[in-house]
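The values are calculated or read from the model by the stated rules, or taken from the named source; none is laboratory data. Because the structure is predicted, anything quoted here is derived from the model rather than measured. We place every Cβ from the backbone using ideal geometry, glycine too, and count neighbours over all the protein chains shown. Accessible surface is based on the protein model in full, side chains and every heavy atom, while ligands, DNA and RNA are left aside. Shrake-Rupley method; radii C 1.70, N 1.55, O 1.52, S 1.80 Å.
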Amino acid sequence: MDTIAVLDFGSQYSQLIARRVREINVYCELFPYNTTPAEVLDTQPRGFVLSGGPASIYEKGAPQIPGYVLESGLPILGICYGMHALTHTLGGRVSASSEREYGHAMINVVTPNPLLGSHTQRVWMSHGDRTETPPPGFEILASSDNSPVAAIGDTKAKRYGLQFHPEVRHTPNGVEIIRAFVIDVCGCEPQWTPASIIESAIEDIRSRIGTARAIAGVSGGVDSSVAAALVHRAVGDQLTCIFVNNGLMRLGEPETVVDTFEEQLGARLIAIDATELFLDALDGVTEPEEKRRVIGEKFIRVFEEQAEKVAGDVRFLVQGTIYPDVVESSAPDRRVAARIKTHHNVGGLPPDLDFELIEPLRYLFKDEVRAVGLELGLPESIVWRQPFPGPGLGVRCLGPLTMERLDKLRAADHIVTQELHQAGMLRDETAQAFAVLLPIRSVGVMGDQRTYAETIVVRAVTTDDFMTADWARLPHDMLARISNRIVNEVAGVNRVVYDISSKPPATIEWE
Ligand code: XMP
């Protein structure tokens, strides 16, 4: 499979470069710039992209282009810092600047070339330093008012540098620029499709598992479901899926999981309804951290018990780790973000379980995981499921976790998601939308009766990365319908409020 290697110099946009290349159906991997040459060359890249980064090329210890990249003779595209590194290494001059150019700019193509064609175009700039004089053999390809050297190229050697960021959406022609480099300059074939991903994953999984057996925990989440479905496609009944219903799932979810894996995929499934076990353990627990701890511990115990029931040589555990988890934990400057994420991925299994891991999604971005899921025949309700915390409604039901209160929350939550779904707003316009039940009673009036009942919070947010989020501007008519339906259809709720807090300072979840 034709591959592009992206060397990461620490830019916040590095992952985006890899995603854009994959969108063109070409396989691409992201490596920290100082990865060993053998590891990078092992992927047999047909070209390199050097990402941007926060450093300044003349400062002490500034990362440089590794020698093997230049020695390979393969095409190179340097973006922002990548361009400065290329300029510096090949004998051009970069000017250090303490002032940033940030935002839209128009570039004029001064030398028509394979990447930019010959058109004036809008691009996104975000840089301090800039290339002043291109290295010998390079021409100035484009310039803008603020950056006389906005793009450079040595067409014969197939080396290019861009001062702007083609990988961000703010550069409207950006994907075309990346496509020109990957397809036309590097000569890659667009072979990376969901079908080819599945085919190569299956081969891989079969050769690892051999005749042994594997287990997979499924929870209804996108990643664990797609991972399990993929392994099932590869080894059939050698895989046993285990589903623990902890009683903290949303309305209809346990049924969807069972129906999907048992009926539709025909997979071996152990489904255990552990609702009572969990609720007994949670009896009297109201403190959020304690709830998480109890739910996490119980899950591991129940899962282990069920895993022991699987007969034969069970050596493998399937996990739905995806590419952003992998690159975030290896990138030099993004360790902190990765730690925050791991914390949120609790509800999984401890790393010291005695299994070898099978992680078939390890190299896939979320959109690729979804495409693979659809290709494998998983239903849209799973493939497009919004993120849902491991401790489930345990996080969203404040106060005591009783069956009665959880059912109340499930009913209200169902109304929220149903209304958004019917309006076509669940998938694309909100990243997460759900109900929260507060242990606060207030006075209301219904018919001739005074009521004293609990409150439902409707929470709907927009966000790209879940690190920051804004509240979704849902239409007032829709909020009115949701509120009416909840108080009319859900006994024990007399008040509905809409959460208009952004993150920060609030969080997405309440707990
Ligand atoms: P917050 O509430 O911190 O949430 O703004 C950010 C994202 O993380 C999800 N989340 C969790 N996911 N286990 C998970 O698997 C958890 O304990 C957990 N807590 C929060 C939350 O739904 C949102 O997408």
*Accessible surface, per residue, of the chain when the full set of protein chains is kept, probe 1.4 Å, Å²*: 45
*Hey, what angle do you get for helix 476-489 against the long axis of the chain, alpha-carbon based, 0 to 90 degrees rounded to 10?*
30
*For Asp313, what accessible area in Å² do you get when you roll a 1.4 Å probe over the heavy atoms of the protein chains, rounding to the nearest 10?*
80
*What order do His84, His119, His170, His414 take when sorted by accessible area (1.4 Å probe), most exposed first?*
His119, His170, His414, His84
*asked:* Tell me which GluC sites (Glu not before Pro) from the range 89-149 have a DSSP coil assignment and no more than 13 other beta carbons within 10 Å of their own.
replied: Glu99
*With a Cα-only, solvent-free Debye model of the range 90-243, what are the log10 I(q)/I(0) values at q = 0.09, 0.15, 0.17 Å⁻¹?*
-0.51, -0.78, -0.89
*Going by a ≥ b ≥ c, the root eigenvalues of the Cα gyration tensor, does the range 187-293 fall in the rounded group (a/c under 1.5), the prolate group (a/b larger than b/c) or the oblate group?*
prolate
*List, in order, the whole-Hz ³J(HN,Hα) value for each residue of the range 401-417 obtained from phi through the Karplus relation with A = 6.51, B = -1.76, C = 1.60 and θ = phi - 60°; use x for Gly and Pro.*
9, 10, 4, 4, 5, 5, 5, 4, 5, 4, 5, 5, 4, 4, 5, 4, 5
_Proximal lysines to Lys309, defined as alpha-carbon separation beneath 25 angstrom and excluding residues fewer than eight positions away on the same chain_ = Lys298
*Please turn the phi angles of the range 64-78 into ³J(HN,Hα) values with the Karplus equation 6.51 cos²θ - 1.76 cosθ + 1.60 (θ = phi - 60°), one per residue in order, whole Hz, x for glycine and proline.*
10, 6, x, x, 4, 5, 6, 5, 5, x, 7, x, 10, 10, x
*Return the tail of the calculated pair distribution for the range 1-140, meaning the percent of Cα-Cα pairs more than 24 Å apart.*
31
*For the chain, what is the percent of antiparallel DSSP beta bridges, rounded to the nearest 5?*
45
*In degrees between 0 and 90, to the nearest 10, how far off the longest principal axis of the chain does helix 335-344 point, with axes built from Cα atoms?*
20
*asked:* Once ligands and nucleic acids are excluded and a 1.4 Å probe is used, how much of Glu276 is accessible, expressed in Å² to the nearest 10?
replied: 140
_If amide hydrogens are placed 1.01 Å from N in the peptide plane, which non-local residues have theirs closer than 5 Å to the one on Ile358?_
Leu317, Val318, Gln319
*Quick one: helix 194-209 against the long Cα principal axis of the chain, what's the angle to the nearest 10°, folded into 0 to 90?*
70
_Considering all projection directions equally, how large on average is the shadow of the alpha-carbon convex hull of the range 423-489, in square nanometres?_
5.7
*Could you look at the chain and say what percent of its accessible area is carbon and sulfur, using a 1.4 Å probe and all protein chains?*
50
*For n ≥ 4 DSSP H runs only, could you compute -39500 (n - 2.57) per run for the chain, divide by its residues and tell me the 222 nm figure to the nearest 500?*
-9500 deg cm²/dmol
*Rounded to the nearest 10 Å², what accessible area does Tyr498 show when all protein chains are kept and the probe is 1.4 Å?*
50
*When a/c is below 1.5 the answer is rounded, else prolate if a/b is larger than b/c, else oblate, so apply that to the range 135-199 with a ≥ b ≥ c taken from the square roots of the Cα gyration tensor eigenvalues.*
oblate
*asked:* What percentages make up the Cα-Cα pair-distance distribution of the chain when the bins are 20 Å wide from 0?
replied: 20, 45, 29, 5, 0
*Return the distance in nm (one decimal) between the two label points of a simple spin-label model at Asp184 and Glu290, each offset 7 Å from Cα along Cα→Cβ.*
6.6
_In whole Hz and in residue order, list the ³J(HN,Hα) couplings for the range 246-253 that follow from phi through the Karplus curve 6.51 cos²θ - 1.76 cosθ + 1.60, θ = phi - 60°; x for Gly and Pro._
8, x, 10, 9, 7, 4, x, 5
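Decide, for the range 455-511, between rounded, prolate and oblate: order the square roots of the alpha carbon gyration tensor eigenvalues as a ≥ b ≥ c, take rounded if a/c falls under 1.5, and otherwise choose prolate if a/b is larger than b/c, else oblate.
Here the range 455-511 falls in the prolate category.
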*asked:* What are the extents of the Cα atoms of the range 361-511 along their three principal axes, in Å, largest first?
replied: 59, 31, 31
*Under 28 Å from the Cα of Lys366, which lysines turn up, not counting those fewer than eight places away in the same chain?*
Lys341, Lys503
